[in-house]
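Below is one structure, written out as structure tokens; the observations come after it.
The values are calculated or read from the model by the stated rules, or taken from the named source; none is laboratory data. Owing to the predicted nature of the structure, the values given are computational and were not obtained by experimental measurement. Every residue, glycine as well, gets a Cβ built from its backbone with ideal geometry; the counts of neighbours run over all protein chains shown. Each accessible area value is taken on the protein alone, full model and side chains, heavy atoms only, with ligands, DNA and RNA left out. Shrake-Rupley method; radii C 1.70, N 1.55, O 1.52, S 1.80 Å.
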Amino acid sequence: MLTLTSVYAGYDSTPVLHDLTFEVRRGEIAAFIGRNGVGKTTLARTVIGLIKPTQGSILFADEDVTGQPARSRARKGVGYVPQGRGIFGDLTVEDNLKLGRTIGPLAPRPLEYAYDMFPILGERRSQIAGTMSGGQQQQLAIARALIGQPDLLLLDEPSDGIQPNIVEQIGELCTKLNRDEGLTICLIEQNVDLITSCAHRCLLLEKGQITQRFSPDKLQDPEVARMALAI
Amino acid sequence: MGDIISFAYQYADSFALLALSSIGLVIIFGMMGVINMAHGEFMMIGAFGASFGFQWGLPLSLAIVTGVFAATAIGLLLERLVIRKLYGRLLYSLVATWGISLVLSQGALVLIGPSVPSLPNPFGTVSVGGMNFSVYRLFLVALAIALIVTLWALMRFTNFGLHARATMTEPDMAEALGVRTTRIYMVTFGLGAALAGFAGAIFGLSAQIQPTFGAAYTPIAFIVVVVAGSRNIIAGLLASALVLALVKTSFTVGFNILTGYVAMLVTALIIIRLSPTGILDLIGKLKALASQHRSSTAGTSAEETKNA
């Protein structure tokens, strides 16, 4: 589904990803873990196309998308939920959801799909999104990405600053979408509970490279968790 | 009664002048953050295009459409060649568009000459209560209101409007959701140029059309747009034009036209000083102050009743 081969990327003169290579298989939930500053968000922004790699290749659904802009990747089926949520704070909940309709090659789902998934969004459909709580904004960001029926969901630290019950809900949702719809998910995360609740595999990012691949169960070992996460 | 009607007529006329002069700029500067010093030249192109269209034998309405097409085409071309590289670089856009404005106005002078034939004004006058009013001026008022309502509906109810609002606030996120942001920028700039061209063609019905035609409107447009702010450009434009027109008309009626313009400029400076983000935020602050005052007054009355 997603293959990165020897990718180098970063910000202007600061390289962050070095010779990054990995593959995420169709129907898999892959958790990308690592301490702060190892390049997790850069990885997400490179996959969606907001950062252009200086070397290497990115294949999505067997198509080389390395030179393509973010809008093309989104339209091909990459749903992106950035760190910080990326909500349009001046627009209503409904308008934010409508913006997800350009994702993916298939016809978008009706907005009711989002309201069924997160009823609070239905209750607040006319509310200005910037006035909602962090957890509600995260739900909105996830629902917006799913409206367009993506093949790959890219979640960048969805638990960041969110209350535990919503984090749990996100984990359950990932498992359900993966099981029922075969959705492939790249979960960039540091929250052990969320990772162990839904991920099939962990890929450890260190200094811009994948250095280890292991089962999420291993994070129950405090030694491994300390090495892999910012705890 | 006659004075009130006369004042209302002059107020509506000032509002129309301010709104139509600035409606193209509010899109390009208010929404896109591009300080478009060539705004007046887009108006000039609209007027020139309409004049040429009329000389070629087109009916007046189609001649005006010709002017709009000319301004839009040149706006789109400039966006692709120059402006696109300057998004997010405020001062660069100022210098570049200033250069463009000089090239356009001087180019028109060299290639076309100091003036072109004026457009005929088909509107007459209407008499109400013994007072004569120009139908053209009333038409400008109706046109300004119609354009503001249309622009609001475009931004509020269409996919283009939604994508444009998203692109102007968070371009990266809009792009990551599949929005064709470069196309949105181009169409938005073209829309701003088209509206400027339209205003130019319409003003060309009553003014001499020459290469410096737009220079009379550019400062007014900037004053209105800066006061309007960028939080909600349509509501901001409406509030800005209504308030500034009221000041301009009051001082023009009370003193003279020059005092009217000076008072408008001073009012704009005061509004920007009190609320650098525009008139809507100033209105918000005043509302908050009023509600604070009301609740404190209510609290004092309750206290006095209790003590009594």
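Dimensions of the stretch A:29-127 from C-alpha coordinates, computed as largest minus smallest value along each principal axis and given longest first, are 46, 33, 27 Å. Applying a 4.7 Å Cβ-Cβ cutoff to chain A, the cysteines left without a disulfide-compatible partner are A:CYS186, A:CYS202.
Shielding value for B:152-163 is 1, the average number of Cβ atoms from other chains within 10 Å of each residue's Cβ. The value given for the protein assembly as shown is a Kirkwood hydrodynamic radius of 26.5 Å, derived from the mean inverse Cα-Cα separation. In the stretch A:78-92, the residues that give up 30 Å² or more of accessible area when the other protein chains are added, compared with the chain on its own (1.4 Å probe), are A:TYR80, A:PHE88, A:ASP90, A:LEU91. Once you list every other residue whose beta carbon is under 15 Å from the beta carbon of B:LEU86, what net charge do they have if Lys and Arg are +1 and Asp and Glu are -1? Overall, the nearby charge balance is +3. Note: relative contact order over chain B, using C-alpha pairs below 8 Å and six or more positions apart, is 30 percent.
Which of B:GLY200, B:GLY130, B:GLY214 moves the most in a Gaussian network model of chain B with Cα springs under 10 Å? Checking each option, the largest mean-square fluctuation is seen for B:GLY130. The percentage of C-alpha pairs in the stretch A:151-231 whose separation is greater than 22 Å is 22%. On a per residue basis, the protein assembly as shown carries 44 Å² of accessible surface, using protein heavy atoms and a 1.4 Å probe. Here the sum of -39500 (n - 2.57) over DSSP H runs of 4 or more residues, divided by the residues of the protein assembly as shown, equals -18500 deg cm²/dmol at 222 nm, to the nearest 500. Quick one: angle between helix B:181-203 and the longest Cα principal axis of chain B, in degrees between 0 and 90, rounded to 10, please. With rounding to tens, the tilt is 80 degrees.
Bridge orientation summary for the protein assembly as shown: considering DSSP beta bridges with both residues in this region, about 60 percent are antiparallel.
For the residues A:SER126, A:SER197, A:SER13, a GNM of chain A with alpha-carbon springs under 10 Å puts the largest fluctuation on A:SER13.
What the Cβ-Cβ distance of A:ARG213 and A:THR131 gives, at R0 = 30 Å and to the nearest 0.05, is a FRET efficiency of 0.10. Annotation for the B:A interface, with buried accessible surface near 1800 Å², both sides summed [1.4 Å probe; non-protein components not counted].
Where does the charge balance sit around A:LEU121 when Lys and Arg score +1, Asp and Glu -1, over other residues with C-beta under 14 Å from its C-beta? Within the 14 Å Cβ shell, the charges total +1. Length, then width, then depth: along the principal axes, the Cα atoms of the stretch B:170-308 run 74, 55, 22 Å. Karplus-based coupling profile of the stretch B:65-80, in residue order and whole Hz: 4, 4, x, 5, 4, 4, 5, 5, 4, 5, x, 5, 4, 5, 4, 5, with θ = phi - 60° in 6.51 cos²θ - 1.76 cosθ + 1.60 and x standing for Gly or Pro. Under a 5 Å amide H cut-off, with hydrogens placed 1.01 Å from N, A:VAL16 pairs with A:ALA9, A:GLY10, A:TYR11 among residues at least 5 apart or on other chains.
When both the stretch B:127-154 and the stretch A:6-71 are represented by their alpha-carbon centers, they are found 56 Å apart.
Largest GNM mean-square fluctuation among B:ILE220, B:ILE283, B:ILE202, using chain B with Cα springs under 10 Å: B:ILE283. The C-alpha radius of gyration of the stretch B:1-154, expressed as a fraction of 2.2 N^0.38 Å, stands at 1.21. With the largest listed first and rounded to whole Å, the semi-axes of the equivalent ellipsoid of chain B from the Cα gyration tensor are 36, 28, 17. Between the Cα long axis of helix A:134-147 and the first principal axis of chain A there is an angle of about 90°, rounded to the nearest 10.
Think of each Lys and Arg Cβ as +1 and each Asp and Glu Cβ as -1; about the Cα centre, that makes the dipole of the protein assembly as shown roughly 840 debye. For chain A, the spread of Cα positions along the three principal axes, ordered from largest to smallest, is 45, 40, 34 Å.
Using alpha carbons only, the radius of gyration of the stretch B:7-64 set against its Kirkwood radius gives Rg/Rh = 1.11.
Name the residue farthest towards the positive end of the dipole of the protein assembly as shown from the options B:ALA146, B:TYR261, B:THR212, assuming +1 on Cβ of Lys and Arg, -1 on Cβ of Asp and Glu, about the Cα centre. Farthest along the dipole direction, towards plus: B:THR212.
For the stretch A:82-178, the Stokes-Einstein estimate of translational diffusion at 10 °C and a viscosity of 1.306 mPa s comes to 120 µm²/s, using the Kirkwood hydrodynamic radius over alpha-carbon pairs. Residues of the stretch A:96-122 that lose at least 30 Å² of accessible area (1.4 Å probe, protein heavy atoms only) when the other protein chains are present, relative to their chain alone, are A:LEU99, A:THR102. Nonpolar atom fraction for the protein assembly as shown, defined as the carbon and sulfur part of the 1.4 Å probe accessible area, stands at 60 percent.
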